[in-house]
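Colleague: Quick one: the structure is below, and I'll ask about it shortly.
The values are calculated or read from the model by the stated rules, or taken from the named source; none is laboratory data. The model shown is predicted, which means the values in this text are computed figures rather than measured ones. Heads up, the Cβs are rebuilt from the backbone with ideal geometry, glycines too, and the neighbour counts pull from every protein chain shown.
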Amino acid sequence: MNKVNTHTLEEDPWTSPKGKFRGYGKEISEALGRKPLSTDLMERHPFDVEILRVEPGQTPYPYHSHSMQWEFYHVISGTGTVRHQEGTTPIVAGDAFLFKPGEPHQLINDGTVDLIVYVVADNPMGESCHYPDSNKWMVRSPARRLIRSEDIDYYDGEE
């Protein structure tokens with residue numbers, strides 16, 4: 001049995017170049033041995049679990065949807081807003097919500113304390129993401145691939 005204590009895991013911080021997006025994650029699945037780039041299902045795990053922390057006034061990532069991935073969110077503490085295809089919805093501790101493939105979403109901490117959220121996502125191979133605000137796609141392919149496109153930065157058109 002693999003076991004970790006989430007209180008001892010270090011947070012992985014990220015910030016976009018202009019500071020519009022910032023967050024912190026405790027990658028529980030990776031601490032339990034998940035290898036994100038592996039195509040071996042025993043190494044990549046069937047789901048990914050993270051503890052996400054978003055500081056007041058921050059948004060951790062651009063508005064996006066997944067082609068194949070489901071994401072489950074459970075608010076542990078704090079308050080915020082979720083942007084989704086129907087508009088926005090306030091969130092508070094105890095709220096749980098789900099986004100299925102093709103549903104764009106974004107978390108925003110518009111509260112006064114850190115927003116802490118458990119995120120559980122399935123882990124499909126060949127997943128891609130769409131970013132409606134910048135009209136771009138991110139395509140992942142762990143296997144052999146042939147594509148023609150111009151590389152752009154993850155935050156291109158977002159800040």
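Colleague: Which condition number does Gly157 fail, the rest of (1) at pLDDT 95 or above; (2) at positive phi being met?
Modeller: Only one criterion in (1) at pLDDT 95 or above; (2) at positive phi is unmet by Gly157, namely (1).
Colleague: Can you pull out the residues in region 111-127 that are under 13 Å from the mean Cα position of the chain (by Cα) and farther than 24 Å from Pro13 by Cβ?
Modeller: Once the filter is applied, which keeps residues that are under 13 Å from the mean Cα position of the chain (by Cα) and farther than 24 Å from Pro13 by Cβ, region 111-127 yields only Asp122.
Colleague: If you take the residues of region 60-111 that are more than 22 Å from Pro124 (Cα to Cα) and of a type in the set (Asp, Glu), which of them is surrounded by the fewest Cβ atoms within 10 Å (Cβ to Cβ)?
Modeller: Glu86
Colleague: Moving on. Which residue pairs have Cβ atoms under 8 Å apart, sit 6 or more places apart or on different chains, and have a first residue in region 84-113 that is within 20 Å of Ile51 (Cα to Cα) and a second that is of a type in the set (A, V, I, L, M, F, W, C) and part of a loop (DSSP other than H, G, I, E, B)?
Modeller: Final answer for the pair search is Leu98/Trp70; Phe99/Trp70; Lys100/Trp70.
Colleague: Let me ask something else about it. When you look at Tyr73, is it touching a strand residue (DSSP E or B) at 6+ places or on another chain (Cβ under 9 Å) and at pLDDT 95 or above, yes or no?
Modeller: yes
Colleague: Among residues belonging to region 88-124 that are assigned to a loop (DSSP other than H, G, I, E, B) and at pLDDT below 95, point out the one that is nearest to Pro36 (Cα to Cα). Don't jump to the end; show me each part of the working.
Modeller: Step one: list which residues in region 88-124 are assigned to a loop (DSSP other than H, G, I, E, B), which gives 93-95, 100-104, 109-114, 123-124.
With at pLDDT below 95 added as a condition, the list becomes 123-124.
Values: Asn123: 9, Pro124: 11 Å.
By that ranking, first place goes to Asn123.
Colleague: Further question: Considering only region 31-54, how many residues are under 14 Å from the mean Cα position of the chain (by Cα) and modelled with pLDDT under 95?
Modeller: Adding up the residues that qualify gives 3.
Colleague: Going by the structure shown, is Thr39 surrounded by fewer than 17 Cβ atoms within 10 Å (Cβ to Cβ), on the phi < 0 side of the Ramachandran plot, among the polar types (S, T, N, Q) and outside any loop (DSSP other than H, G, I, E, B)?
Modeller: So Thr39 fails the test.
Colleague: Further question: Determine, yes or no, whether Pro62 is touching a strand residue (DSSP E or B) at 6+ places or on another chain (Cβ under 9 Å) and part of a loop (DSSP other than H, G, I, E, B).
Modeller: Yes.
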